[in-house]
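Student: Got a structure here, written out as C-alpha cells. Questions coming.
The values are calculated or read from the model by the stated rules, or taken from the named source; none is laboratory data. Quantities reported herein were computed from a predicted structural model and do not represent experimental measurements. Using ideal geometry, Cβ is built from the backbone for each residue, glycine included, and neighbour counts are taken over all protein chains shown. To get the accessible areas, we keep the full protein, side chains included, count just its heavy atoms, and leave off ligands, DNA and RNA. Shrake-Rupley method; radii C 1.70, N 1.55, O 1.52, S 1.80 Å.
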Amino acid sequence: NPYGGLVSHLRASWLSGKTRPMEYRMAQLEALGHFLDDKKQEILEATELDMGKPSFEAFFTEILLCKNELNVTLNNLCHWMKDEHVDKNLVMQLDSVFIRKDPYGVVLIIAPWNYPIHLFLVPLIGAIAAGNCAIIKPSEISKNTERLVAETLSCYLDNDCFAVVTGGVPETTRLLENKFDYIFFTGSPPVGRIVMTAAAKHLTPVTLELGGKNPCYVSDTCDVTNVARRVAWGRFFNAGQTCIAPDYLLCTIEMQEKLMPALREAITEFFGPNPRESPDFGRIVSDKQFRRLRALLGSGRVALGGQTDEAERYIAPTVLADVLPSDPAMQEEIFGPILPIVVIANMDEAIDFINARPRPLAVYAFSCDSKIVNQVLERTSSGGFCGNDTLTHVTLTSLPFGGIGNSGLGKYHGKFTFDTFSHHRGCLHRNMGLETLNTPRYPPYTQQKLGLLTTTFEVKRRGTCTLL
C-alpha cells in the first residue's frame, strides 16, 4: 500500500506521546493561525480561480469562521482537556471517578471542494486539540486550493504528526485501505457509504458530514420581503454550492405569487440586473457539475433567471415555480443556484412532505407566528434547524453541526469538534485499603450481603421532572 509507511510513521509519532502535552497542541494550533494569516491572499486567489468565489464570501467562510473556531479552541483547550469528575455511589466516595479525554490516535480527514479550506481546517483544529496525528485529504476538484494546501501546510505543522495526501478517487481508495483510528468525511451520501464500508473493515469510528435536500417552509404569515432576501442570500451564497443551503421552498400558491416579485427584487439588489457581471456571484466548480445543474432547469417552469454559459460555467440565480415532487430537481440535492418552489396547501401538508423524505441536514421555517415555526421544529427531524433565516445557525461555535440519517452522523464545531476527536474514557481509581467495604460483593453470597450491596449501589427514583 503506497500510504502504509506514512500511516505507520504517524502512528509511531502518536505512540511516542508527542502530541499529548497541552503545550504541543497549542503550538500546532497557533501555527494554523499563522497559516491563515500568511496565506490569506493566496487562499482568496485560489478559491476565486477554482469557483469564482467572491473574496467577501471566501474571507467570511474560509478565514474568519476558521479563525473563530481556532480562537474558541485556544481560549478553552485547558478546560476541555481536564478530567471530568462524575457522581459516585456510597462505596466509592473515597475513590477517584472521572472521564479522561484521550486522543484516538491517527485520524483521516477527507474534505470536499465547496469550502475547501474551512471543511478540512475546522476538523483539523479539533483533531489537533484532542491530541491526534492526522492525514488531510483535500479535494482534487478544487485543484488550486488543493495545490496551495499541499505545498504550504507542511511548512507550518509538525511533519512527523501531520501530512497532506493529494489525488482523486484511486488515491483515496488506497488511502482508505489503511487502518485509521478515526475518519472524518465531508461529502455526498453515496461516497459516505463507501467511506463507512471501508472503515467497517477496521472497526474504525466515523463522522460523516453529508448533505441532502434541505426544505424551507414559508407560511402565509410572514414578511415577504425579508423572507425573499434571507432565502436568496442562503440559496445563492457560493453560487448555491453549500450543503446547508435551502434546497427547495414549500408554500401555498398565494405565497408563491407574492414571493416571485420579492425574490426578483432581492436578486437584483444583490447581483444587479445581470448577475453574470456581478463580482459577488460565483461560478460552478466543474464542467460535470455545470451539465448536471443545467439538466435540472427543465423542472417546473423557469420563473426567474435560467440563463447559462458553459464556457464560464455560469448559471444565473434561478427560481423554478410549480415544481412537482416527481421532477428531476426534486430527485437529488441541487448544490447550485437553482431554487425550486413546490406548492402545498398548508403547514400540515408541508410537514408531511418533509417527513416523507430522508432526514435533511437542515430544516428552515419562516413565519411571523412563532407557534408555526415551533410546530415545524417539533414535528420534523433534521441535523439542524433555523427559524426565520438561512445558514446562520452554522456560524455559531456553541451549536453542534452535523446530520442525521441520510444527511450524516456525528457532530462538530467548537467543543463538539474536540469531543468528536476524543475518546471519552471512563476511569475509576480506587483506594488500596478499606477492604471491608468490598466484603459484601465477595462469595460466599448471603441475603445480608445482598441487602448491604443494594443499599450502597442502588439508585433511587426521585420525583417527576416537569419541562417548563
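Student: Just flag the GluC sites (Glu not before Pro) in region 361-468 sitting in loop per DSSP whose Cβ has no more than 16 other Cβ atoms within 10 Å.
Tutor: Counting only loop positions with at most 16 other Cβ atoms within 10 Å, the GluC sites (Glu not before Pro) in region 361-468 are GLU458.
Student: Another question, then. Counting only protein heavy atoms and a 1.4 Å probe, tell me what percentage of region 5-157's accessible area is made up of carbon and sulfur.
Tutor: Carbon and sulfur together cover 55 percent of it.
Student: What is the dipole size for the chain, taken about its Cα centre, with +1 at each Lys and Arg Cβ and -1 at each Asp and Glu Cβ, in debye to the nearest 20?
Tutor: Once rounded to the nearest 20, the dipole reads 1660 debye.
Student: Check which residues have an amide H placed less than 5 Å from THR207's amide H, if you skip close sequence neighbours.
Tutor: Those lying under 5 Å, H to H, from THR207 are ILE183, PHE184, PHE185.
Student: Could I ask something else about it? At a Cα cut-off below 26 Å, give the lysines reachable from LYS460, other chains included and same-chain residues fewer than 8 away excluded.
Tutor: Cross-link targets: LYS88, LYS449.
Student: For region 215-406, what is the charge dipole size about the Cα centre, in debye to the nearest 20, if Lys and Arg each add +1 at the Cβ and Asp and Glu each add -1 at the Cβ?
Tutor: Charge dipole of region 215-406: 460 debye, to the nearest 20.
Student: So if I average 1/r over every pair of distinct C-alpha atoms in region 215-406 and take the inverse, what Kirkwood radius in Å does that give?
Tutor: Here the Kirkwood hydrodynamic radius works out to 16.6 Å.
Student: Before anything else, pin down the relative contact order of region 1-114: Cα pairs under 8 Å, at least 6 apart, normalised by residue count, whole percent.
Tutor: Dividing the mean separation by the residue count of region 1-114 yields 28 percent.
Student: Sticking with this one: Cross-link list LYS40/LYS213; LYS82/LYS137; LYS101/LYS411; LYS67/LYS213: which exceed 23 angstrom alpha carbon to alpha carbon?
Tutor: Exceeds cut-off: LYS40/LYS213; LYS82/LYS137; LYS67/LYS213.
Student: Which value in deg cm²/dmol, rounded to the nearest 500, describes the helix-derived mean residue ellipticity at 222 nm for the chain, given -39,500 (n - 2.57) per DSSP H run of n ≥ 4 and division by the residue count?
Tutor: When only DSSP H runs of four or more count, the value is -11500 deg cm²/dmol.
Student: If amide hydrogens are placed 1.01 Å from N in the peptide plane, which non-local residues have theirs closer than 5 Å to the one on ILE404?
Tutor: Amide H neighbours of ILE404: GLY383.
Student: Quick one: 3J(HN,Hα) in Hz for region 23-34, Karplus 6.51/-1.76/1.60 with θ = phi - 60°, rounded, Gly and Pro as x.
Tutor: Each residue of region 23-34 in turn: 4, 5, 4, 4, 5, 5, 5, 4, 5, 4, x, 5 Hz.
Student: Among (1) 22.2; (2) 24.5; (3) 23.0, which one is Kirkwood radius over Cα pairs in Å computed from these coordinates?
Tutor: (2)
Student: Evaluate E = 1/(1 + (r/R0)^6) for LYS179 and SER326, where r is the Cβ-Cβ distance and R0 equals 45 Å; express this FRET efficiency to the nearest 0.05.
Tutor: About 0.55, to the nearest 0.05.
Student: Using the beta-carbon distance between ARG276 and ASN76 and R0 = 41 Å, what value does 1/(1 + (r/R0)^6) give for FRET efficiency, to the nearest 0.05?
Tutor: With a Förster radius of 41 Å, E is 0.40.
Student: I would also like to ask the following. Applying the Karplus parametrisation 6.51 cos²θ - 1.76 cosθ + 1.60 with θ = phi - 60° to the phi angles of region 105-111, what ³J(HN,Hα) value in whole Hz is obtained for each residue in order, glycine and proline being reported as x?
Tutor: x, 9, 10, 10, 10, 10, 10
Student: Let me ask you something else. Would you grab the residues whose amide H sits under 5 Å from the one on TYR217? Only those 5+ places off in sequence or on another chain, please, with H modelled 1.01 Å from N.
Tutor: LEU250, TYR364, ALA365, PHE366
Student: Right, next: So what is the accessible area of region 215-406 per residue, in Å², with the probe set to 1.4 Å?
Tutor: Values: 7740 Å² over 192 residues.
It amounts to 40 Å² per residue over region 215-406.
Student: With a Förster radius of 25 Å, plug the Cβ-Cβ distance of GLN41 and GLU269 into 1/(1 + (r/R0)^6) and report the FRET value to the nearest 0.05.
Tutor: Calculated transfer efficiency: 0.30.
Student: Note the full-extension length gain between SER286 and LEU94 as 0.36 nm times their separation in residues minus their Cα-Cα distance, in nm to one decimal. Intermediate results must be reported in sequence, preceding the final value.
Tutor: Working: separation 192, 0.36 × 192 = 69.12 nm, distance 6.33 nm.
Taking 0.36 nm per residue and subtracting the Cα distance, the gain is 62.8 nm.
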